[in-house]
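Working notes for the structure below.
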Amino acid sequence: VNITFDNFVNLFKKLHFEQYFINSFIVSISVTTLVSVMALIGGYAMSRYKFRGKSFVYVLLLCTQMFPAVMKIIPYYKILVSLHLNNTRTGLLIVYASFSIPFCTWMMYGYFKSIPTGLDEAARVDGSSAFHTFYRIIMPIALPGLVATVIYAFLQNWNEYMFASVLMSADEKKTITYAISTMADAYKIQWNYLMCAAMISSVPTLAVFTVMQKYLIAGMTAGAVKE
């Protein structure tokens, strides 16, 4: 058996697979960064402060997860067209962030609730500001929960197919999941390119799990049991 890498070479040379990979990478990293920051701040605020309409916010975050994604395609498309963001990475970023932030905020909220509020109170007695307490004391403790949120957000957006294929009309702006889907249709299946593309697309996922797996287990189970 002769080992050859011709299929990998042709995947980039003939199908320009690198463009789809770059699109997915830029969008996924950007969305993950935005979602993680928003979920970190939102989860902490919900777990520590009382404000008018807090219960409504809880329910609203949960309600966003009740509707199937296919119901949101037309509204999303109309909104992006009205904002002149259709067929752009920025528009796709906004769409991904809109359905990732609510669930990730709930993840961080559950983790922050497992951290005793006595730490905040002790820090403020010592003269620490609210921001300093959050950044220097609470955030390091919440690192496992933050890592779990980052992993979830990245994987959800990296593997997303439907919105990327419908909302992005130009092929050169579509993501890696769309590129893989074009290699199998009703007439033929390009098994050589399909397997190579699937292997390449799994590299970021494997890298994330390899680096952060010990934090993932701790973050997903933290706060599940209240003692």
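List of remarks:
- Solvent accessible area, Å² - residue 158, 1.4 Å probe, full protein context: 10
- Highest-MSF residue in the chain out of 197, 153, 97 [GNM, Cα springs under 10 Å]: 197
- Note on the chain: helix-only mean residue ellipticity at 222 nm, from DSSP H runs of 4+ residues weighted -39500 (n - 2.57) and normalised by residue number, equals -22000 deg cm²/dmol.
- Most positive-pole-ward Cα, 108, 183, 206, against dipole of the chain from beta carbon charges: 108
- Under the shape rule built on the C-alpha gyration tensor, where the axes satisfy a ≥ b ≥ c, the stretch 167-212 is oblate, since a/c reaches at least 1.5 while a/b does not exceed b/c.
- Centre separation in Å (Cα based) which lies between the stretch 124-157 and the stretch 47-87: 24
- Reachable lysines from residue 188, criterion Cα separation under 18 angstrom, eight or more residues apart if same chain: 14
- Straight-line cross-link partners of residue 113 among the aspartates and glutamates, defined as a Cα under 18 Å from its Cα and at least 8 positions apart when in the same chain: 121, 227.
- Net +/- balance of residues flanking residue 119 in space, Cβ distance below 14 Å, scoring K and R +1, D and E -1: +1
- Whether the stretch 111-155 is rounded, prolate or oblate, judged on the alpha carbon gyration tensor where a/c under 1.5 counts as rounded: prolate
- Tail weight of P(r) past 17 Å, computed on alpha-carbon pairs of the stretch 114-205, percent: 66
- Neighbour net charge for residue 182 - beta-carbon separation under 10 angstrom, K R +1, D E -1: -1
- Counting protein heavy atoms only, the chain has 68 percent of its accessible area on carbon and sulfur, 1.4 angstrom probe.
- Counting only whole DSSP H helices of the chain, the ones at least 24 Å long by C-alpha along their axis and with mean Kyte-Doolittle hydropathy no lower than 1.0 are 17-48, 191-221.
The values are calculated or read from the model by the stated rules, or taken from the named source; none is laboratory data. Here the structure is a predicted model, which is why all the values come from computation and not from measurement. All Cβ positions, even for glycine, are placed from backbone atoms using ideal geometry, and neighbour counts span all protein chains on display. Ligands, DNA and RNA are stripped out before the accessible areas are found, and what is left, the full protein with its side chains, is counted by its heavy atoms. Shrake-Rupley method; radii C 1.70, N 1.55, O 1.52, S 1.80 Å.
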